[in-house]
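For reference, the structure is listed below as structure tokens.
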Amino acid sequence: MILGAHNAWSYLTPKKWWMRLIAFTARCQRVNIKDQYNKYGVRCFDLRIRFDKDKLPVICHGIVEYKYDYNKLYKDLEWLQSKKDVYIRLLLELRGVKKEEWAIQKRNFNT
């Protein structure tokens, strides 16, 4: 059996004040990626993103977006990639995105 973390980045702080009010509905993890791996034995990481107007990745779960810096995001991904026993499930999160923007999101995800 492989342990997995649903929405592994949801331990982060929500970006906006109103997102903090509903964060309990989106938070699935309380510890960072390295602790999920080292302390709890997680080997499958569910990571969710969408893209902002500048085509930069936004960490999210549903309509809740999380604060982070891009260096941390890439460091997490590089660290996970360095592990030989890890599976990464990277999802394009379309909940909270207007339907007319879905094609743009999908194009950004595939490039």
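The values are calculated or read from the model by the stated rules, or taken from the named source; none is laboratory data. Computed from a prediction, not measured in an experiment: that's the story for all the values here. As a convention, Cβ positions derive from the backbone with ideal geometry for all residues, glycine included, and neighbour counts pool all protein chains shown. Heads up: the accessible areas ignore ligands, DNA and RNA and are worked out on the full protein's heavy atoms, side chains in. Shrake-Rupley method; radii C 1.70, N 1.55, O 1.52, S 1.80 Å.
Of the residues making up segment 31-52, those that are in contact with a helix residue (DSSP H, G or I) (Cβ under 9 Å, 6 or more places away or on another chain) and more than 18 Å from V64 (Cα to Cα) are I33, K34, Y37, V42, R43, F45. Looking across segment 1-54 at every residue that is aromatic (F, W, Y) and open to solvent by 50 Å² or more (accessible area, probe 1.4 Å), the one that is nearest to Y87 (Cα to Cα) is identified as Y40. Among the residues of segment 96-111, the ones that are loosely packed, with under 12 Cβ neighbours inside 10 Å and under 15 Å from the mean Cα position of the chain (by Cα) come to 0 in all. Output the residues belonging to segment 55-79 that are touching a residue at least 24 places away in the same chain (Cβ under 8 Å) and open to solvent by 80 Å² or more (accessible area, probe 1.4 Å). Within segment 55-79, K55, I63, K67 meet the criteria. With respect to L56, determine if the residue is of a type in the set (A, V, I, L, M), closer than 29 Å to I104 by Cα and modelled with pLDDT of 95 or more. When the stated conditions are applied, L56 does not pass them. V42 meets the conditions (1) touching a residue at least 24 places away in the same chain (Cβ under 8 Å); (2) closer than 18 Å to N108 by Cβ; (3) touching a strand residue (DSSP E or B) at 6+ places or on another chain (Cβ under 8 Å) in every case but one. The failed one is (2).
Here's the yes/no breakdown for (1) in contact (Cβ under 8 Å) with a residue 60 or more places away in the chain; (2) in contact with a strand residue (DSSP E or B) (Cβ under 7 Å, 6 or more places away or on another chain); (3) of a type in the set (S, T, N, Q):
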| site | (1), (2), (3) |
| --- | --- |
| A5 | no, yes, no |
| K16 | no, no, no |
| T25 | no, no, yes |
| N32 | no, no, yes |
| D35 | no, no, no |
| R50 | no, yes, no |
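Contact annotation: residue pairs with Cβ atoms under 8 Å, 6 or more positions apart or on different chains, pairing a residue in segment 80-96 that is more than 15 Å from F45 (Cβ to Cβ) with a partner that is open to solvent by 70 Å² or more (accessible area, probe 1.4 Å), are L92/K106; L94/W102; R95/I63; G96/I63.
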